[in-house]
Every structure is written in C-alpha cells, then in structure tokens.
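The values are calculated or read from the model by the stated rules, or taken from the named source; none is laboratory data. Please read these numbers as outputs of a predicted model, since none were measured by experiment. All Cβ positions, glycine included, derive from the backbone under ideal geometry; neighbour counts span all protein chains shown. Note: areas computed on protein heavy atoms with side chains; ligands, DNA, RNA excluded. Shrake-Rupley method; radii C 1.70, N 1.55, O 1.52, S 1.80 Å.
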Amino acid sequence: MIPLAAVLPPAQPLMLAALLFTIGAAGVLLRRNIIIVLMSVELMLNAVNITLVAVSRAMLQLDGQVFVFFSLTIAAAEVAVGLALVVALHRSLGSSDVDDVSSLRG
Amino acid sequence: MSIETLLPWVPALPLIGFVTLVFFGRRLGGRWSGIVATVAMGAAFAVAAWLALGSALLRPGWSPPRVMGIDEKHVVPADYLDHPQEAVYHSTLWTWMTVAPQYDLTVVTRPVRAGEPVPADAVTTIRLPQARITHDLELFATSHRMFTPEQAIGRIARLDLLPIGPDAPLNGDRLLAETTLLPDAERAIPAAGLPERPLGYVVDVALQLDALSLLMILIVTGVGFLIHLYSIGYMAHDADRPRYFAYLNLFAFSMLTLVLGANFLVLFVGWELVGACSYLLIGFWHKDPANASAGRKAFIVNRIGDVAFLIAMMLIFTTFGSLAFADVLPQAADPLVLSGGVATLIAALLLVGATGKSAQIPLYVWLPDAMAGPTPVSALIHAATMVTAGIYMMARAHVIFDHAPSVLVAVAVVGAVTAFGAALIALVQSDIKRVLAYSTVSQLGYMFLGVGAGAYASGVFHLMTHAFFKALLFLGAGSLMHAMEHGFHHGKGSGHGAASSSEDHDDDAFPPGPPPALDGIPPEQDLRHMGGLLRKAPVTGWTFVVGGLALAGVFPLAGFWSKDEILHHVIGRAGEGGAIWLALFALGLVTAGLTAFYTGRLLLLALFGAPRSSGAAHAADSPRTMTAPLVVLAALSIVGGLPWLSGPLAEALDPVLRVAGHVATNVAGSAHAAESGPSALTLALIASAVALGGLALAWAMYRPGTPLVDPARLATAMGGAYRTLRGKFYVDELYAWGLVRPFTRIADFLWHRVDDGVVDAAVNAVGRGAVALGQGSRRWQTGYVRTYGLGIVIGAAALAAWLLWLV
Amino acid sequence: MTPASLPELLVALPALAVVMAALLVVLVEALWRRTIARLIDGIALAGLGGAAFLEALSLRAGDGGPAIYRGAAAASGGAAAALVRQDALAAFGGLLILVAAAFTVLVGGAYVARRGLRQAEYTAVVLFAAAGMLLLGAAADLIMIFLGVEAFSIALYVLCAFRSGDRAGYEAALKYFVLGSLAAGFLLYGTALVYGATGSTELARVGQILSGPDGGATAGQQTVGLAGLTLLLVGLGFKMALVPFHHWAPDVYQGAPTPITGFMAAATKTAATVALIRVLWTAFGGLSATWLPAVAALAVVTMVVGNLAAIVQADLKRMLAYSAIAQAGYVLVALVAAATGGVAAALYYLLAYGLAKLGAFGVLALLDGQGGGRAADAAANVADAGAAGERPAAGPRDATSLADLAGLGRTQPWLAATMTICLMSLVGLPPMAGFLGKWMIFQSAVDGGWMWLAIVLVLNTALSAFYYLRPIGWMYMVEPKGDAVPEVGSGASFALTVAVLGLVAALVSGGIVRVARAADAFDRRPPDAPAGLPPELGTATPAATATPAGTAP
C-alpha cells in the first residue's frame, strides 16, 4: 500500500506543464488563424498530459499514465472534428480567421 | 355523505367548461360556446347555493365546542382558532408536494419527577415538520420561565393538534426526543436528541369551506354567472367568442381556487392564475402589441406584489412549519409562537401583496388601464372579484395582522388615502369606464380601511355589496355603450330614411355616425356624448340609477349599510383616542361625499338631459340576455344590505373573522365601537347627509337643462351669457371656485403628475433600468471567440483568486 | 486492469444500449441505402427506451448502487475505485437525458428531413451524445467526467454544424468547439491537479482524503485541491453556461439547429449539473466552507446577467439562451443549499426546466420554415441582418424571431398553448412545474440559511417575467402574417404532448419529488452543518434520505 498523504512530485515537470498550458491558452486567446488555435488547444491538453505523467511517476502509480492515453485519444477525435469544421467553414466563408466568424453577437 | 363533499365541484365545473371550450370551442361556435360556459357557471352557482343552504357552517347560532384553554392569561377563545376542524370543512384532493422533512417527536405530556421512570401514559408521539421542531424545542429550552409545568403541558397538547401526513405510519415510531421536567419542576427542556428520520411534510391540494369562503364562492359564482349570461349578448358579434368564454371560465376556476384553497400555496396558485387570466382578457381586443402594454403593465405591477407575497409565504413556512390555514392560523393566534417582529414583517409583506392585487397606492396604476378589456371582464375581474382577492387574503390571514397593529394602521392609511385620491380623480373623468375604474380603486380603499380598523367582517361585507353594485354599474355602462353604438350605427345607416322615428325631433341636430374621439376616448363611452339615455334605454337606465345610488351610499341600498359599517368601526377606533383614526374617519367621510358627487355627475350626464350625439339620440335598449342580469343585480344592490342587518351573515362570519381575545387590544374597534363612538343612528344620519349632499351638489351642477360645461371652464366662461340663470350660476361658480376647482386641480395633479409622472414613471424606470443594464451586458457579447475565451480565463483567474487567496 | 465482470458491465448497460442503437441506425442506413424514417425512429426509441428502463430500475439503488471498478483493490487504499456508479442520482439524471434525447430524435427527424439532410446520421450522432451524457451523469471518477464531457461535446460540435452550408450553424459549431476545447483543457488540468494533491481521481476517495477522518490532508494538499476545484468549476461551469463562462451559449444556441438547441439546453445542463453535484459534494464537500461563498456569488452573477441580457433580445432563440443561463443560476442556488434538500430541488427543477425548454424549442423547431423570406424580421436582430441575405438556400430558415410567433394562437392553437405552458413554467408561475421547482429551491436555500440568496432568486424570477411575456403577447395579441400553416408530424406532436403532460404531471405528483429526494442519496462528504440547524439535521445520511420510490401514492 502506498502512503497517499502524497509527496508532491518534483517541481520542474509541473512548472514546465504550467508554462506550456499558459502558452496554449494564450495561443487560443491571441492567434486568429483557426489552425493555430487548434494547435494551441492541443498544446494545452499535452501540458496536462505532462502533469499527469509526472504526478503518476512521483506516486509510483500507473493510473495517471493510463489517463494520458485516454486524453490523447480524445484529443485526436477532437482535432478530427475540428479540422472538418475548419474545412467546412473555409468553404462557406473563404477565410480561416476566427475573427471573421462573428456574425452572431449581442 | 355530507353535503360538503360536493365542494370540489364548485371549481371543477368552470374548469370542465374551460376544457370543453379549449377542445371543442371552435366546433361549437360562438353562440354555443357562450351557452356552455354559462351553464357551467350556473351549475357551479347552484352547487354553491346548495352548500350555503344545506351546510351547517353558515347556520346562525352555531357555537363551537370549547375545549382548550392554556391558562387564563393566554386564553384563546375556543372557536375556529382552536378547532379549525369544527368550523371548516376540508377536502383534500391530492398530495401536492413534499416541502420539508417532518419528524416524529416524543414528548412527555404531564409533570414527571426527574429521575423517575416516565409512565407510558404520560408520553405521546407527535409529528412535526423540521422547521417547527427547532423552533419549539428552542422555545422549551430558552423560555422556560414562561411556563409552569401546566402551561408546558397545554402547549404540547396544542402541538398535538397538528395534522399528520396522510400516509405516515402512526404506530411503532421511534422515541426521538424526550421532554422532561427538571427537579424544580419549573423548567421544561428537551432531554434527548433530535429526531433521526425525516418523513416529509406535505402540502396538499386541498379545499376548505367555511363561512368566509362560502360567501366568496357565492359571490364569484353568482355574479360570475350573471356576467357570463350578459356576455352572451354583449359579445354576440365578436368572432372570437370561444376564446373569450374559455378565458372567462378559466378565470372563474382560478378565482374559486383562490378563495377555496386550504393553504397559502393553493391560494397563491389561484392568485397567479387570476392574474394570468386578467392579463389575457385585458389584451383580448388588442391585436397590436403596442396596445397590449396595458396587460403587461397589469402583469408586471402584480408581480411586484407577488414577490412580497412569496417572501411572506416563506417566512410563514419557516415560522409555523406549515402553509395550511388550519395549522398556521391557530398557531398564529398564540403570542408565544408568533412574536411581534415576525408578525409585523409577514403582515407587511402580505400587505404589499394585497396592494398589488387590489390596486392600492402605490400599485394601483394598472387597474384604470385594465379597462381596455371587454366591459363584462371589467365587471367580473376588475370590479367584483379578482381585485378583492387582496381583501380576502388579509381577512383570511387576519390572525397574523392582529399581531401587527402597526401594519393594520398602515393598511387603514393606504386604504383611506387611496379611497380619497381615486375618488378625486374620478371627479374629472369623461370616460364612463374610467370613472367606474377609479371608483373601484376608491371603494377597494374603503375595504382596506375597514380591514385596517380591525373590522374584517365589515370589509368583507363591503366587498360583497360592492360586487353587486359595481358589477351592475359596469354591466350597465357596457349596456349603455352598446346602446350608443347602436345609435351611431342607426344614425349612419338610415340617415333621414323612414326609420327616423317621429319622436326624435333632434334627429337632425347631429351628423350621422360617431363623432371623432375626444382625448382618445371612444365616443360610445364618452360621457360628453351621452345624455338622455334613461328614456332611450329604460331598463339599463333605471338599473344603472339603482347601482349609482347604491354606490353613493343612499339609504337603504346595499352600499349604505356596508359603508356605514366601516365608518362606524373607524370612528370606534378614534374613540379610543387615536388622532389618526379621527383623521381617517374624516377622510372616509369626505370620500363618501365625493363618491356621491361623482356618481351623481355620472348618472346625470349619462342618463338625463338631452342627447348630445346621434348615438344617444338613437340609442336602443340592449337585448334581454343583457338586461336580465342587470335587473337581478339591481335587486341585489337594493336588498344586499339586509343579510347584514338581520345578523346571520355577521354571525356566520364571526368564528372565522373574530379577533382573538388576547390581542383584542390591538384591534379593539369592533369591540368598543358602540360604547365610545357616536351612536349608530347618528353616524347613519351623518353618512346619509353627506351622500345626499354630494348628490345634491352634482344635481346643482349637472342637472338637465344646464349646458354641458366643464366645471373648471365654467368659472372663466362666466359672463352675461346666462343672466337668467344667474342665481343658479352663482352657486355653481361658488362651488366651482370654492370646492370643485381646487379639487379639480388636485385631481388633475394626482392624475397627470403623480399617476403618470411618478408612479408610472417609477414602474417604467425599473423597466428602463433593467433594459439599460441588459444592453450594457450585451456589449460583452462581441461575437468574437477570442473575447469569450478571455472571459473564461478571467473568470477562472477570479475564481482562483477567491478560493486560494481571499479565503 | 482486471477484466470487468459481467455484473459490472451491467452498470454501463444504459449507455451501451444507446450506443448500440446508434450503431444499428448507421448500419440500417448503410444497408438499405435509403432513409426509412420510421425504422430509424423506432430503433432509436427502442434503444433509448431500453436504457430508460434500466435507469428506472436503478432509481431505487439507494446510496451505493453497482459500480464499475478499476485496478486492484489495494491500489487505492483498500477499497476498489469506482469509475462509474449507477446510483439513484445517475438514474434520475439519466432519465432526463434519455427523455431529452428521444424528444430530439422525434422533433429533429422531420426538421432534418425537410432540409434534405441524412436523418440516420443525425439520429446516430444524437444518440452518441446522449451516451456521453449518460456516462457523465454516472461518472464516479474525474477521468470519467472528462471522458463523458468530451464524448458528448464532440458529438454536439458535429450536430451544431449539421445544416450543410449554413453559416450560422458553422459559426456556432466553431465557437462551441474552440471555447469547448479551452474549457476541456481547464477540466483536464483540474483533474490532474486534484490527482496530484490526493493521488486519486475517484471522487469519493478524493473526498475522504481532503476531509475525511483517515485522510488528514495537509494545507498544501488542500490548496492544490482547491486550485483543481477552480479549474473543474470552470470546465463544468462552461457546460452549464455559468457566468462568466457563458459567452458561447447565446451564439451557439442561436446558430445551432433548433432541435439541437433544445437538446443542449435540457440534456447538457442536466449531465453537467449532476457531475458538478458530485464534484462539489462528493469530492469537495469537506471544504465546502471555503468554496460555498464563491459558488453562491457565481449563482448570483449568473442569474442577474442571464435575466438582464434576456430582456433586450429580439431573437427568440437567443432570448431563451439567456434564460437558460439564468436558469443555470437557479440550479446553482440549489447546489449551494445541497445540505438542506437542495439536490432534490435541483433535480426536480432540472426536470421541470428541461421539459419546458424542450417544449419551447420544440415548438420553434416545428415552426421551421415560417421564417422564410422575412428579411424584415431577420433585421430585428442587427447582427444577423447581414448574414440573412447571403445565406445559401439550405432549406427553410429557422423560426427564431418574435414575429415568427405572430398570431400563433390563431393559426396553431396547440403549438401556441404548448409554448405558453412552457414559458409560464419557465417564469415559475404556479401551478406549473417550474413554480414547484423554484419553490423547492427557495425552501432549501432558506432552510440552509441562505436567505439572501433565496431573495435574490425571487427578485430574479420577477425580473424574468419581463421577457417571458413578450412571446405570449405575440402569439395571442398579434394578427398572423402569413397563412402558411406548418405541418406537424405525428412523432413531433406526440413528443410535444409528452412534454406538456410531463409538466402537468409534475404538478400533480408528490411522487416525482419523492424520487428526486431519493436521488439525493448519493455518496457525499458531510458538509459543515448549515446555520440555524442542529448538526444532526444538517447531515442527511444516505440511508436516512432514501425513501423508496415505490411508496409514492
């Protein structure tokens, strides 16, 4: 049995993950190209994956690392739908700039 | 089977009518829709009348058994309050919802020495809702000084009267808490822990029949039936009759639910439903959304009152642990349960609720606008029944008001000021329906005044007589409008043809067709276009006169008795040395004079003198279905005061509305009026004199032969024009200068400045403020994804800051 | 991972049944090569009905309920960690979701067919979304919450963009997608932080560690846990459309196909609320003193912003979207008062609210095509004016503006009556079910010592009357414009009738309330005793509140 009054994992991977997450979030907020936005979202999810792996390793559990596979799968599915959307939108709008997609408001 | 088991049919019949019309209305057509709806109402009235004749509840001389007294200081009269089940018939239709957990509580019911085993016969198990337990145990624990052991026992026994959920098991309950007495036998505190197993306290959909609700259903179904009958004729040419009658039946159902509900929640359901029906019927003729604003205004103003009512209900529930009248009111009679502060708060909130529904200052603005609906609707909803719901509710919950003397004074002040202000405004209206609308507001103020004086029965009595004569006046006004329309149509259609009858020598005086609307008032309801209708429409005219005289309070019509009752009680309060009551009495008396005056003006302008338009000249009386209800209502307006005079009504209402002895000092008006005030005869003479004075003044100014001159302009138009009538005019002018003009100005001020400028503006400002805020919030909704994302991130940051640093 | 034994799999059967139905629908379409509307509807309804039957069975599951566990029991400190737990709460939420899905299938089928789109695809994706929501409702583990959210979100992205060539739909889908992915990132990060703080992602275990007697969490663990809670709140609050995470909702609700809007309003909110209940009270119940004020503040902001913004909307779908935001605030009030019957109130309210929203959006979906060629009406919504003209002819335009309702009381009395009843229930007018729900929420808030919150709720209800009345006015007091009467298919009218009957039945029955109360019996941390109540009353132990559903009269 593993003592669960957990020792938090070493700080470096966690800080890296937080940094990547922030970069990803900033990318979503700042970039206008839809493809780049998609990539930023991926960056966020992968940052979390790093966290999960780091925590999992520090706790000597496998659970967190298994979760990463789940999240990777989900991310892939999400990107597939996202790209399909981008294509459809580009066809009807002729643009891949998120700011052009703003007719619904108020 | 007791006769009272028929009770659910009273609301059910209109509901059946409503459902039938919803499903088959279009197939039935307008005429049959009206008949179905009317028959449903008639049947409901028949059931109500049967109940009234057959039930013991209204039987004079009924005396409730006297069982319980706590001690001499806290004696609650053994009547309705102690034995609701004796004075009331309950009909539980189904269990509606579970409001809060309920617990079994075991208490010791007679003194036991500490340390000795508690004998089995000294223990009883009672079931209490959660809110009550905390309350009562705290009471036991903290207020031990208030109890001798005997008192404690009495109290527990009283708790035992609480009803128990229908499906709750009665045997094998756990001992969940024990109340033991301490060695000195002076303190009663709960010893053992609190209950473990919540059972669920239920609110039932239940009806209750007692004298008050019986009277109300008689009014609602009786007057409602007559108005349905009248509507068949009045709406004969409307294409939308199925919808109209469906709404009307729905309204009747809702109103009956309101007055028959056995708990606050069912009452509130009816309260909201009548509001919704009112909204639908006000807007009935408005195809244009801009004009539907009258309906919306009514709805929104009413919501303000409803919010207060809802909060009051929550407080009632947390205080008493129940919403059923049979639980709440007996408890409320006990000053140990209901403290002054809570009572005042609840009563004040209920008052706000009542002012919304009953159109009192400051929430009265919707009622005059509500006259945009069909006239029978104004008669039924906005005069006879719905608007009296506030008075009914206060009378129903009067036990709570008894504990809040300051709120009662507020009720009286609101009522008197509203009565006075609305009567002033009614003086200068030209629209016949507006005169009646303001008059309704004013009379509702009277009822408030009566309730505020603690004379609940008098308020309810005035409610009844007012329902008769105001319904009569509204229906009469509708009939007159109908007659006028006929006249306009006739004048336009036939011109100088053969149809122009021989007796109409002033046929040529008016161009055919309706004259242009003055001040936006449709010509057929403009007093300035009427005149001489008594001769053209005799049945309508004479019944209208009867209604008017009843409104004016002329002896011995119904309005006289009820108004006199209220004033009698108010002056009775003044007799105990309240200057404010004296002022309120004076205000009430002046209002009586004003009422008589505007009523006289209304009658004289509409019915007497020469016709002032082609409509009036060619008017013809309405069909039988319209005049028959008028005749019945006129008869009721004449004899409606008699049930009071001979006493049975007062006696029947007494157990429901009596003020409990121990709080009688708060509301002693009823008790001491006879001794301290002027004698009943003196007051009656004064009131009669005032009423006749008002009528005489109106006669002087608007009698036939006097040209139609607006009293305010009369003064300026004074000159040599009417020299022969100088003496007469001198009096008129004196009135105009000394009395009427200031009043006119005040009235004008009230109407245009206060009504439109302040109250209306306040209502509108709330709306505008909300809209402005809404527009502001809209600015954040830019349409750009990136802004939205920023919103999420900022929100996350704020939440994190709150949770991680601020705490 | 040990292979799941058969009884454990039974727990996932409702979701599996729905997925099977979806696959079958796709197969049928592929094999027959043409759309047989009745067959597709039949398969979908059979799947949903079977799932509903299974859910109804577990309504009586009481506190525990069967669960799917993962890993060896030893790995998480003796007790096996549950991934999915089919308790009464899951069952109640699941039933709501299934009803909403059935409704969406029935109402949406005709809607999709009118546009020449493939009904089988539509039905299958709706079913996939419903399966995801069922998983979310039954999730007993943070990872399952993430999976559930993503499973139905991805399906919903597709459904939002389902009208091919429709720009508004694409825009809605893109906005939902980008923001949803952002929120999913937050959700996953929150999960990771909680995992880091406690070494577990199972809600019950997290709750034990953060507050329980054998946990003994350090201050550092609590801080990291709270940071995780913040991010989880963002992720789930986004799905519930809580302010300030709500911006997507109006745009997406407006742009999405109307049946999908109703589905999102009713089902997504239910699933997310159930998940939030578990996160707040099962995992973080012990820290409730810390987060309760913040969540109460969220509730207030959500109610106020939602109602104020709804007042100024000209577009009906948008107005209903803002009203949905406000309603999420009401539900959050109930969650704050979870210690005093709030969960039952929230569930009952979700039922009333969900039916009303389904009915209202269902009516709009059926009016579909009435809005065609009314450029003036479209101009009522300024932002939409430009798009209306350029929109390619992809079937009839959605009915979304108030003017589309003009005279409905005359032309379509049934639809108008349905709409009226639904709107009145949303206002909370008695005797509609919405009133009862609001009353239960007030009551739980008052009992829990949140008097001020209850009063804010009442005031907001009054405020909401401003905008719910306008559609009713338009339906009954304005002359109809065109004489085109939309066809109402039998399935759709059936569904509408069911919604109205549900609203009515909810009034009559104390039984539903009892069932909701029974669903209150999920596994939760004892919260701090609320003010004004003795501690024994504040703690509703699961065994104590579990009233068998069968005892309803």
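Worth a mention:
- When C and A come together, around 4200 square angstrom of accessible surface is lost from both chains combined, probe 1.4 Å.
- Basic side chains Lys and Arg get +1 at the Cβ, acidic Asp and Glu get -1 at the Cβ, and with that the dipole of chain A about its Cα centre reaches some 60 debye.
- The phi torsions of the range C:419-424, fed into the Karplus equation with coefficients 6.51, -1.76 and 1.60 and a -60° offset, translate into couplings of 4, 4, 4, 5, 5, 5 Hz, rounded to whole numbers, with Gly and Pro shown as x.
- For B:LEU642, the accessible area of its heavy atoms, probed at 1.4 Å with every protein chain present, is near 80 square angstrom.
- The distance linking the range C:189-238 with the range B:523-593 is 73 Å (Cα centroid to Cα centroid, whole angstrom).
- When accessible surface is computed with a 1.4 Å probe, chains B and C are found to bury approximately 6700 Å² between them, both chains counted.
- Distance between modelled label sites at A:LEU16 and B:ILE3, nm, 7 Å Cα→Cβ extension: 9.2
- The amide H of C:VAL243, built 1.01 Å from its N in the peptide plane, has C:THR302 as neighbours under 5 Å, considering only residues 5 or more places off or on other chains.
- Backbone HN-Hα couplings from phi across the range C:163-173 [Karplus 6.51/-1.76/1.60, Hz, Gly and Pro as x]: 6, 5, x, 8, 5, 4, x, 4, 4, 4, 4
- Burial of 50 Å² or greater, the range B:768-784 residues [accessible area, probe 1.4 Å, versus chain by itself]: B:ALA770, B:ARG778, B:GLN781, B:GLY783, B:TYR784
- Three-way shape label, the range A:11-94, alpha-carbon gyration tensor, a/c 1.5: oblate
- Here's how it looks for B:GLY641: its modeled amide H is under 5 Å from those of B:ALA558, which are all 5 or more places away or on a different chain.
- Compared with the direct C-alpha span, the chain from B:SER339 to B:ILE686 gains 120.9 nm at full extension, assuming 0.36 nm per residue.
- ³J(HN,Hα), Karplus 6.51/-1.76/1.60, whole Hz, each residue of the range B:622-629, x for Gly, Pro: 7, x, 4, 4, 8, 7, 4, x
- Between B:ALA46 and B:LEU93, the FRET efficiency from the beta-carbon distance, with R0 = 22 Å, is close to 0.55.
- Here C:LEU229 sits with roughly 0 square angstrom of accessible surface, probe radius 1.4 Å.
- Distance between the modelled labels on A:ASP100 and C:ARG410, one decimal in nanometres: 4.5 nm (7 Å Cα→Cβ projection).
- Residues B:ARG27, B:ARG778, sorted by accessible area with the largest first, give B:ARG27, B:ARG778 [1.4 Å probe; ligands and nucleic acids excluded].
- The amide H of B:LEU93, built 1.01 Å from its N in the peptide plane, has B:VAL205, B:ALA206, B:LEU207 as neighbours under 5 Å, considering only residues 5 or more places off or on other chains.
- Accessible surface of C:PHE177 - all protein chains present, 1.4 Å probe, nearest 10 Å²: 10
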